[in-house]
1. Could you please let me know if residue 106 is among the acidic types (Asp, Glu), under 20 Å from residue 12 (Cβ atoms) and modelled with pLDDT under 95?
2. Of the residues 86, 110, 126, which single one is farther than 27 Å from residue 67 by Cα, in a helix (DSSP H, G or I) and free of Cβ contacts under 8 Å to residues at least 40 places away in the same chain?
3. Using the structure shown, decide if residue 92 is assigned to a strand (DSSP E or B) and either surrounded by fewer than 18 Cβ atoms within 10 Å (Cβ to Cβ) or without any contact (Cβ under 8 Å) to a residue 60 or more places away in the chain (or both).
4. Which residue, of 118, 101, is at positive phi, in contact (Cβ under 8 Å) with a residue 12 or more places away in the chain and touching a strand residue (DSSP E or B) at 6+ places or on another chain (Cβ under 9 Å)?
5. Can you tell me which residue is farthest from residue 4 (Cα to Cα) among those in the stretch 129-144 that are out of contact with any His (no Cβ under 8 Å at 6 or more places or on another chain) and in a strand (DSSP E or B)?
6. Quick check on this structure: which one of 23, 56, 6, 82 is within 25 Å of residue 115 (Cα to Cα) and modelled with pLDDT under 95?
7. Could you list, in sequence order, the residues of the stretch 106-132 that are acidic (Asp, Glu), more than 16 Å from residue 90 (Cβ to Cβ) and surrounded by 11 or more Cβ atoms within 10 Å (Cβ to Cβ)?
8. From the residues in the stretch 8-35 that are under 16 Å from residue 58 (Cβ atoms) and more than 13 Å from the chain's Cα centre (by Cα), which one is surrounded by the most Cβ atoms within 10 Å (Cβ to Cβ)?
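The values are calculated or read from the model by the stated rules, or taken from the named source; none is laboratory data. It should be emphasised that the depicted structure is a prediction, and the values quoted were computed from it without experimental measurement. Because the Cβ atoms are built from the backbone with ideal geometry, glycine has one as well, and the counts that use them run over all protein chains shown.
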Amino acid sequence: MLDLFAGTGSLGLEALRRGAQFAVFVEQHSALATEIRDQLAAEGTAERAEVWRRDAMSAIRELGSTGRQFDIVIADPPYGEAWLPRVLRGVVTADVLAPLGVIVAEGHWRDRPEPEPGLERYKEARYGETVLWYYKQMEEEGVV
């Protein structure tokens, strides 16, 4: 799984606790990246993770350039800064989403991103002001 804008890493850490094989955490703030590393070490899961201290878009490009793909991509960027359309476009362009993978994007309900070409939004769940949008690659016609 790929945890973009990881913050404290709570989403990726929980995925590892629940059986995710591997997680890449992307967080540009040094103190938060260190906190994630410390938590991974404390939980004994450091060998199943990487922590990248850089911005999400450059991480997406680098991951794509090396051919890495993820079954789950989580994006929880700062609200109101139009990150989600850029992240969705970047994930599609860099081809980091595995063929049957999903993107879970979190944001304010007013920031609802439209799917990028090649993605379809298949679920939306609102919790007060916050919404989770779920995307997957569009199925090709005639392909089961």
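1. Numbers: among the acidic types (Asp, Glu): yes; under 20 Å from residue 12 (Cβ atoms): yes; modelled with pLDDT under 95: yes.
Judged against the criteria, residue 106 is a match.
2. Selected residue: 110, the only one of 86, 110, 126 that is farther than 27 Å from residue 67 by Cα, in a helix (DSSP H, G or I) and free of Cβ contacts under 8 Å to residues at least 40 places away in the same chain.
3. No; evaluated as a whole, the condition is false for this residue.
4. Result: 118 is the single residue among 118, 101 that is at positive phi, in contact (Cβ under 8 Å) with a residue 12 or more places away in the chain and touching a strand residue (DSSP E or B) at 6+ places or on another chain (Cβ under 9 Å).
5. By that ranking, first place goes to 137.
6. Checking each option against the conditions leaves just 82.
7. Passing the criteria: 106, 111, 120, 124.
8. 33
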